[in-house]
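Worksheet: one structure, shown below.
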Amino acid sequence: MSNYEKVIGRNAVRETLKAGRNVNKLYISENHDSGLVSIIKMAKSKGISIQKTNNHKLDSMSGSTHHQGVLALCSPVETISLRELIEKMNEKVTKPLVVILDNITDPHNAGAIIRSAYCAGADGVIMQTRRSASIGEGMYKSSAGAIEHIDLCEVSNIAQTIDTLKKEGLFVVGLDMNGENYYDMDYDMPLALVVGAEGKGLGRLIKEKCDFISSIPLKNDFDSLNASVAAGIVLFEAVKTR
């Protein structure tokens, strides 16, 4: 089991099966409802081993009771290099749109941002190999399976990555406090959107490297929005204006 990663929950498992990732075994609750029938059929059509088990074992394997009666053991999600991501973007006729995660350490936040990025049609999500949420079961579940369908790129240095993207013609917009109102900005350009950790915001060097800083005005006296919520708001504003 140590060579495989756990994918937990119906949407995440369904999208993993659709994406064709190697699934070693599928664990299904012996008391499952009709909502799992399509997942079972898909797994059988792919020749995947299915084991029915009780919810107590699923609770133990997943570390919670929120598994929705299904868990898959899979090969790890593959990532691509920054150069590969750039080459893919250059092959498209549309303006590039990528999301950069700066010190997002919560896998649930990272997964939710990946979900929004995929739904907004982003070309990829870039994250740092250190001081960042690890790609794993929490990220799979919170992305609702979107992680299977968008390019993920891990880099060692976000600041250097921004420099590289700028040389490729992308403009870098950072989400942070005390910037220009997000709805007053023009996003109709090759765009890299940088999202920082909630509370801390963007790192000083990263903020300095951004071409623009975009902010979401808050009506009440409160520090900030959840990072994934803020990312979703600005991503779809960008989609509207592009």
Next on the checklist: On the basis of being in contact with a strand residue (DSSP E or B) (Cβ under 8 Å, 6 or more places away or on another chain), touching a residue at least 24 places away in the same chain (Cβ under 8 Å) and among the small types (Gly, Ala, Ser), does Gly9 make the cut?
Outcome noted: yes
Next on the checklist: Taking the conditions exactly as written (over 18 Å from Ala19 (Cα atoms), at pLDDT 95 or above and under 14 Å from the mean Cα position of the chain (by Cα)), does Ala120 satisfy them or not?
Outcome noted: yes
Next on the checklist: Restricting to segment 121-173, name every residue that is within 21 Å of Pro190 (Cα to Cα) and of a type in the set (Ser, Thr, Tyr).
Outcome noted: Thr161, Thr164
Item to check | Given (1) within 27 Å of Lys167 (Cβ to Cβ); (2) touching a Lys or Arg at 6+ places or on another chain (Cβ under 6 Å); (3) not polar (S, T, N, Q), index of the condition Cys74 fails | outcome: (1)
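Under 20 Å from Ala144 (Cα atoms), of a type outside the set (Lys, Arg) and touching an Asp or Glu at 6+ places or on another chain (Cβ under 8 Å): does that describe Pro96? Please lay out each step first, then the result.
Details: under 20 Å from Ala144 (Cα atoms): no; of a type outside the set (Lys, Arg): yes; touching an Asp or Glu at 6+ places or on another chain (Cβ under 8 Å): yes.
In short, no.
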Checklist outcome for this item: Condition set closer than 20 Å to Lys240 by Cβ and polar (S, T, N, Q), scope segment 87-125, selection surrounded by the fewest Cβ atoms within 10 Å (Cβ to Cβ): answer is Thr94
Checklist entry - Quick check: is even one residue across segment 133-155 surrounded by fewer than 18 Cβ atoms within 10 Å (Cβ to Cβ), modelled with pLDDT under 95, over 14 Å from Val98 (Cα atoms) and touching a Ser or Thr at 6+ places or on another chain (Cβ under 8 Å)? => result no
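The values are calculated or read from the model by the stated rules, or taken from the named source; none is laboratory data. None of these values were measured; they are calculated from a predicted model. Ideal geometry is used to build each Cβ from the backbone, glycine not excepted, and the neighbour counts take in all protein chains shown.
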